[in-house]
1. Could you please give the count of residues in region 96-128 that are among the charged types (D, E, K, R), at pLDDT 90 or above and within 13 Å of the ligand (Cβ to nearest atom)?
2. Return the pairs, sorted by first residue and then second, in which the second residue is part of a loop (DSSP other than H, G, I, E, B), the first residue lies in region 63-76 and is of a type in the set (Gly, Ala, Ser), the beta carbons are less than 8 Å apart, and the residues are 6+ apart or on different chains.
3. Taking residue 69 as meeting all but one of (1) surrounded by 14 or more Cβ atoms within 10 Å (Cβ to Cβ); (2) at positive phi, write down the number of the exception.
4. Quick one: how many residues across region 75-95 are near the ligand (Cβ under 9 Å from one of its atoms) and acidic (Asp, Glu)?
Amino acid sequence: MPVLCLPPWNLTRTMKLNSSIAPDVMTCLGRCGFFEKLDGLLSPEDNSIPPQGCDGTYKLSESILIAGRFERAELDDIFAVLQSKVGFCDCEVLYNVAETSRLKANYWYARAAGQTALARHKPHSRPN
Ligand SMILES: [Zn+2]
């Protein structure tokens, strides 16, 4: 009996998949207004609306995407692409992945003004 020795094609495929789908995933996210909606939750334009906090997960992103009729399997692809761009949670998506966001602008506005009180999010573990 020959011993079956399967190459890790699955992992290779996943990695290839992420880099090849990334531009298209970003196009879809941009088209459905994902970043603006997330920005609107974490840093509302209207000051009378209390901003949502990032708890170190994709909780807000997930609710936006599900409301935008994305499938669960698509969400896995989307989060894999976001992670490849160092967006490991809701706020990091706006800080690191979105080209512009009010959250990022306000953060640096406050930093430039000498304020450091803006909490980005509760510490969370990440694979690195
Ligand atoms: Zn965060």
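1. Adding up the residues that qualify gives 1.
2. Once the first residue is of a type in the set (Gly, Ala, Ser) and sits in region 63-76, its partners that are part of a loop (DSSP other than H, G, I, E, B) give 68/32.
3. Checking residue 69 against (1) surrounded by 14 or more Cβ atoms within 10 Å (Cβ to Cβ); (2) at positive phi, the one that fails is (1).
4. Of the residues in that region, 2 qualify.
The values are calculated or read from the model by the stated rules, or taken from the named source; none is laboratory data. Bear in mind the structure is a predicted one, so any value in this text is a computation, not a measurement. Glycine also receives a Cβ, built like all others from the backbone with ideal geometry; neighbour counts cover every protein chain displayed.
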